[in-house]
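Here the structure is laid out as structure tokens; the discussion comes afterwards.
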Amino acid sequence: MPNPLVLFLALAAFATSAFAQENPKIVFLTGDEEYRSEESMPMLASILRRDFDFDVSVGFSVDEHGYIDVNATESLTGTEELADADLMVLFLRFRRPDEATFQRVLDFLEAGKPVVAFRTSTHAFRFETGSQWAAWGSQPDPTFIHSFGDGDLTRELVGQKWITHHGHFADGHDPLTKVFLDADAADHVILNGVSPFRAYSWLYHVEGGGDTVAGDPNFLLRGTSLRSNHAANGDLDKYPLTNPVAWTKTHNWGEKPARVFTTTLGHPYDFRIPAMRRFALQGILWAVGREDLIPVEGVNTDPVEDYAPNNSGFGDKYKPGHHPEDFFPGHEVGEGRPYHPQPHIIAPVVEPTALPLDPGQGSTIAIVGSGLGERLQYHSDFEGAIQAAFPTAQLRVRNLASSGDTAGLRPHAGRAEAWAFPGAEKFHPDHLAHRGEGHYPYPDEWLSIVSADIVLGFFGYSESFAGPAGINNFKAELRAWIRHTRTRAYHGGMAPRIVLVSPIAFEDRSTTDALPDGIK
């Protein structure tokens with residue numbers, strides 16, 4: 001199937017003609033857990049393609065199956081398109097891409113090309129403290145999900161790094177920021193046809209109380225917070241109620257200064273407002289050197305198709321079960337793969353499971369594996385023995401085993417892929433062809449659905465009988481599954497404890513039962 005991961009301000013003396021392209025290539029990079037950039041940025045990209053015939057592509061954060069997953073912070077697709085792009089548009093939050101991916105972003109900047117940054121791009125990246133990239137943003141407190149530190153290079157690029165905001169109240173129900181034109185910038189071409197409006201974004205603090213926007217900012221829009229935690233706390237001297245919400249500047253990563261357009265607005269409902277769409281589109285046109293396309297009355301802001309984003313919010317509040325192309329015209333976003341709970345990716349757990357096992361109070365035990373595990377569904381002895389051993393623990397036992405399953409190969413007619421974890425296909429090169437289709441949950445999704453705290457693995461029975469030559473492959477596959485499972489949290493933020501149920505030696509019962517003696 002085609003790759004779904006990629007689909008389709010300045011110094012006055014720096015002449016526009018020096019970098020403007022007739023049909024510039026613009027790469028949007030999206031990936032934030034809160035503000036639905038995966039919906040707003042394709043909407044803007046589609047308008048640019050329709051009205052100006054620009055070459056646009058959009059990158060996303062996706063899961064291992066290619067579905068958009070805003071919580072997959074290590075995923076950032078589309079950066080390959082930056083090699084010959086004319087403009088990079090960022091709407092990112094706390095992304096932690098691998099070295100090769102991030103290097104493509106740096107290469108773009110060092111080529112001296114322009115950038116547009118929306119809202120959370122003041123904290124677009126968050127690497128481990130001490131990383132070579134920590135100056136772009138780090139997480140000084142790994143136990144705090146919103147912890148952010150460093151970020152001086154991000155500030156140098158877009159003008160400011162994350163500091164604080166005035167608080168959000170009943171997200172999406174009422175506007176929280178009154179936006180108006182800066183008195184000194186009313187004639188700027190980006191503001192053609194832009195009227196004051198009220199935004200749903202809560203106001204970011206970028207200036208005041210000793211904080212300043214970096215570089216050579218030309219402020220375009222300011223915003224006044226309509227409700228403020230800082231007002232309630234009495235610290236408006238440090239965090240004033242009015243702050244810039246949009247500006248132009250330059251960055252100097254390349255040999256010549258390059259244009260930058262930044263706005264701290266970007267709530268998904270902001271983009272339902274024509275004035276917001278207009279100044280966002282015109283900021284993009286200005287950044288790429290095509291302000292000649294902005295009429296006095298401003299550009300057309302009609303979306304190519306209805307724009308009906310989900311509200312802001314963390315966790316599962318985005319539209320799950322969609323491939324990147326679903327957010328472009330011609331696709332019905334209301335349809336797609338049903339949402340199934342996803343495991344959280346965590347740091348690998350290295351401590352072995354302690355035996356004898358103490359399951360803990362109220363734990364869920366999930367059984368995975370092949371035939372023996374599956375047959376336990378039809379006989380109550382095994383679960384009965386578990387419950388009898390821990391009569392007051394209120395345990396739940398959920399059986400997910402299926403005959404023929406291996407640690408990595410779990411074929412199902414209702415799934416598009418047969419693999420239990422990324423990379424499992426290398427252990428079964430003779431099973432690469434899989435014709436399943438549908439929306440049946442994948443193995444990790446099932447473990448999340450049942451909130452597995454303990455996983456019993458019944459592997460090593462009939463599915464491992466590939467002769468002596470297959471033993472090493474079986475061991476490697478089993479180890480790979482264990483390593484994968486130890487980096488996933490299906491319940492409570494912690495990896496499950498894993499217990500392998502080993503095949504027992506053959507027991508000759510032919511003298512008492514009508515069973516084979518195992519000799520022939």
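The values are calculated or read from the model by the stated rules, or taken from the named source; none is laboratory data. Fair warning: this is a prediction, and the values are worked out from it, not measured in the lab. Glycine gets a Cβ as well: all are built from the backbone with ideal geometry, and neighbour counts include every protein chain shown.
For Phe327, state whether it is of a type outside the set (Gly, Ala, Ser) and surrounded by 16 or more Cβ atoms within 10 Å (Cβ to Cβ). Yes; evaluated as a whole, the condition is true for this residue. Applying the condition of being at pLDDT 95 or above and in a loop (DSSP other than H, G, I, E, B) to region 1-32 and asking which residue is surrounded by the most Cβ atoms within 10 Å (Cβ to Cβ) yields Asp32. Take the conditions (1) at pLDDT 85 or above; (2) among the aliphatic types (A, V, I, L, M); (3) within 30 Å of Asp405 (Cα to Cα); Ala308 misses just one of them, which is (3).
Out of all the residues in region 426-433, is one or more within 28 Å of the chain's Cα centre (by Cα) and over 14 Å from Ala476 (Cα atoms)? Yes - at least one qualifying residue is present in region 426-433. Could you please let me know if Pro274 is surrounded by fewer than 23 Cβ atoms within 10 Å (Cβ to Cβ) and assigned by TED's automatic domain parsing to the domain that holds Tyr318? Spelling it out, Pro274 is indeed surrounded by fewer than 23 Cβ atoms within 10 Å (Cβ to Cβ) and assigned by TED's automatic domain parsing to the domain that holds Tyr318. Condition check: surrounded by fewer than 17 Cβ atoms within 10 Å (Cβ to Cβ) and either in a loop (DSSP other than H, G, I, E, B) or at pLDDT below 90 (or both). Does Lys520 satisfy that? Answer is yes for this residue.
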